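Following: one structure in structure tokens, then a few remarks.
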Amino acid sequence: MPSSRKILHIMAGFMLLMIAGCSESSTDPVSKAPVVEQPGFTGRVSGAVSGEISGPGIATYLPPQDTIDGVRPGYYLIANVRGATELLITFRIPAETKPGTYQLMAVDPMELGKNVEVRLETMGDGKLTSFGFSTEGTLSLQTFPSDGSKLAGAKVEGSFQFVTTDADGESLSGKGTFEFLG
């Protein structure tokens, strides 16, 4: 029987594919996207779920993609897909974003790649709970690639603080930092 950690990793990979819009066909599959994976997350969440956000993560650029509804813009995906935590935190950042401070938005699948968004997921008692509704907070990017698709050789460094809810209105607050060197 797989451990809860292994199940969480499998679910995290699946959720990243769902977030990336894998249900649409593309001439540039996500698997060819440049990925930077290294230690980089530190932080803490509290409220409906409490815990540390620490350890390795990924930063990748997902190129524009033709979809049924038109062309989805390219965007960055930054997440802590592995580590000593059962929390998965994912940021979606539009390609044209420059260093600065941005208001975090609630997750909106119809606006994929257009807003700076955060989503947290946790597995507890065999149940996946997603937080990313009714979101308030900021993402500050100290360093970020100047070209919307270049990660190689780039430094991605930021901090975040937010309050968000799950579908039942349970609140979760988070604060932390991340840093990746391309």
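Each reported figure results from applying straightforward, stated rules to the coordinates on display, with no laboratory input. Bear in mind that the values here come from a model prediction, so they are computed numbers and not experimental data.
Once the piece of chain linking SER140 and GLU111 is laid out straight, how much longer is it, given 0.36 nm per residue of separation minus the C-alpha distance between them?
8.4 nm
What are the residues whose amide H is under 5 Å from the amide H of LYS155, where those residues sit 5 or more places off or on another chain and H is modelled from the backbone?
Amide H neighbours of LYS155: GLY182.
What Kirkwood Rh does segment 83-182 have if only Cα atoms enter the pairwise 1/r average? Answer in Å.
Its Kirkwood hydrodynamic radius stands at 14.3 Å.
In sequence order, what are the phi-derived ³J(HN,Hα) couplings for segment 172-180 according to the Karplus relation 6.51 cos²θ - 1.76 cosθ + 1.60 with θ = phi - 60°, rounded to whole Hz, with x for glycine and proline?
9, 10, x, 7, x, 9, 8, 8, 10
Among the aspartates and glutamates, which have Cα under 16 Å from the Cα of LYS150 when same-chain residues fewer than 8 positions away are ignored?
Candidates past the 8-residue exclusion: ASP28, GLU37, GLU96, GLU179.
Explain nothing, just compute: Karplus ³J(HN,Hα) = 6.51 cos²θ - 1.76 cosθ + 1.60, θ = phi - 60°, for every residue of segment 112-127 in order, whole Hz, x for Gly and Pro.
With coefficients 6.51, -1.76 and 1.60, one gets 3, x, 9, 10, 7, 10, 10, 9, 10, 9, 9, 10, x, 6, x, 10 Hz.
Give me, ordered by chain and number, the residues 5 or more places off THR97 or on other chains with an amide H under 5 Å from its own placed amide H.
Placed amide hydrogens put nothing under 5 Å from THR97.
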